[in-house]
Amino acid sequence: QVQLVESGGGLVQPGGSLRLSCAASGSMLSTYHMGWYRQAPGKWRDMVARVTNGGSTNYTDSVKGRFTISRDNAKNTVYLQMNSLKPEDTAVYYCNANKPMSPYTSANYWGQGTQVTVSS
């Protein structure tokens, strides 16, 4: 199985930047699609950014131009660079690793989550 350990969360002022890291063990991430999701109190857990095993990226509209997801397969690590942070970015951020196994099932792993708070 895959173990995901996140780091880099914390308190930041509006307009500031943070870089989240997700380090994996137990399996090589090169074959997995990777993503960052976030969940604010009382809201659904939503996708923020994804990067496929082939390197293609996708972002939710609210973070386009501000966030960048990247992966370093040699280090088995995925990053989320967050710039121009806004108070509405405040949430628990989760790292996800996913590998479809069939049209109906997939291997799916989550990190423990890291709190990002954007406040003055």
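The values are calculated or read from the model by the stated rules, or taken from the named source; none is laboratory data. Just so we're clear, the structure is a prediction, and the values are computed from it rather than from any experiment. A quick note on method: Cβ atoms are made from the backbone with ideal geometry, for glycine too, and the neighbour counts reach across all protein chains shown. For the accessible areas, the whole protein counts, side chains as well, though only heavy atoms, and no ligand, DNA or RNA atoms are used. Shrake-Rupley method; radii C 1.70, N 1.55, O 1.52, S 1.80 Å.
Candidates in region 55-64 are the residues that are of a type outside the set (Asp, Glu) and within 23 Å of Trp44 (Cβ to Cβ); of these, the one that is least open to solvent (accessible area, probe 1.4 Å) is Val63. Inspect region 42-65 for any residue being within 20 Å of Gly10 (Cβ to Cβ) and among the polar types (S, T, N, Q) and give the result as yes or no. Within region 42-65 (the criterion being within 20 Å of Gly10 (Cβ to Cβ) and among the polar types (S, T, N, Q)), the answer is no, since none of the residues qualifies. Note on region 86-107: residues that are open to solvent by less than 70 Å² (accessible area, probe 1.4 Å) and either within 15 Å of the chain's Cα centre (by Cα) or free of Cβ contacts under 8 Å to residues at least 24 places away in the same chain (or both) amount to 12.
Can you tell me which residue in region 10-67 is farthest from Lys99 (Cα to Cα), limited to those that are of a type in the set (Phe, Trp, Tyr) and free of Cβ contacts under 8 Å to residues at least 12 places away in the same chain?
Taking region 10-67 and keeping what is of a type in the set (Phe, Trp, Tyr), we get 32, 36-37, 44, 59, 67.
Narrowing further to those that are free of Cβ contacts under 8 Å to residues at least 12 places away in the same chain: 44, 59.
Details: Trp44: 22, Tyr59: 19 Å.
So, considering only residues that are of a type in the set (Phe, Trp, Tyr) and free of Cβ contacts under 8 Å to residues at least 12 places away in the same chain, the one farthest from Lys99 (Cα to Cα) is Trp44.
Going by what's in this entry, would Lys75 be described as modelled with pLDDT under 95, over 19 Å from Gln1 (Cβ atoms) and open to solvent by 50 Å² or more (accessible area, probe 1.4 Å)? Yes: the conditions hold for Lys75. Filtering region 108-120 to residues that are touching a strand residue (DSSP E or B) at 6+ places or on another chain (Cβ under 9 Å) and open to solvent by 40 Å² or more (accessible area, probe 1.4 Å) leaves Asn108, Tyr109, Trp110, Gln112, Gln115, Thr117, Ser119.
None of Leu85, Leu80 is under 14 Å from Gly10 (Cα atoms) and touching a Cys at 6+ places or on another chain (Cβ under 9 Å) except Leu80.
The residue that is least open to solvent (accessible area, probe 1.4 Å), among those in region 1-40 that are in a loop (DSSP other than H, G, I, E, B) and under 15 Å from Thr68 (Cα atoms), is Gly16.
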